[in-house]
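Coordinate-derived values only; no laboratory data. Remember, it's a predicted structure, so these values are computed and weren't measured experimentally. Note that each Cβ is placed from the backbone with ideal geometry, even for glycine, and that neighbours are counted across all protein chains shown.
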Amino acid sequence: MTRKNTISDKQPLNWESRLSLLADQARDPRLKAYYNAGHIPGHTLVKQVEFLALDLETTGLDPKTDAIISVGFLPLFYDRILCSGARYWVVRPDHVISDIQTTIHGITHTHMGTSPDFSTILEPLLQAMAGRVVLVHYNRIERDFLGKAVLDATGDTLVFPVVDTMELESRKHPVFRPNFIQRWMGEKNSPSLRLAHARQRYNLPPYRPHHALTDALATAELFLAQMADQFTPDTPVADLWI
């Protein structure tokens, strides 16, 4: 039987204090409004939290040299997804990147060239994030790329608490390196934590990857399945976020 987690062994992160400090330091009015919008205390039960499933498509994996080219999100609760609140943008990179693999995400250079730059969508994106907990699959992409894009656009720092469905899945399937006896007995590394493979374990349908809004929906559906399997609605949100 799968244990329903309600108490975490990790020390809860004090996001309230951190975000309050950043509100005082922010100079850009959009960032200041985001930080001052109020944030969810860590002791809040998951059943009382509204989340925002967020996904980015980028030109590569390095925020120092690559760029965001699309953003998709939709709000949800632990037991339902609010598709009416979905948004999707294609974004023009702020510098020329000649080797973008358009066959992966289907976004052409022409489409990007006629799209708004990131600073244009920053305000509605921050408004959607305000008062919600961001939900992603592999937080390094969303945190690092958004942090770099916001710093370039405003000179201010954007940080935010995240519930990462990849990290939640790793709790159930911890990755390990087998020793000789384990290899001899035929034991393998833990199952893949990739979004599509994680969804398969919950019998969720396959979606075509590398579309920001579709991947945000796929992440939201995975989270609902993880909640039903591993946690309870009375789990404090601080037990989930990182």
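Numerical summary
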{"item": "Neighbourhood charge, 11 Å Cβ-Cβ cut-off, centred on residue 212 and excluding it, Lys, Arg +1 and Asp, Glu -1", "result": "-3"}
{"item": "Residues 235, 214 arranged by fewest to most Cβ contacts within 10 Å", "result": "214, 235"}
{"item": "Greater than 29 Å apart at Cα, pairs in 32/172; 32/148; 47/172", "result": "32/172"}
{"item": "Residues 68, 81 arranged by fewest to most Cβ contacts within 10 Å", "result": "81, 68"}
{"item": "Chain lengthening between residue 87 and residue 47 when straightened (0.36 nm per residue, less Cα-Cα)", "result": "12.0 nm"}
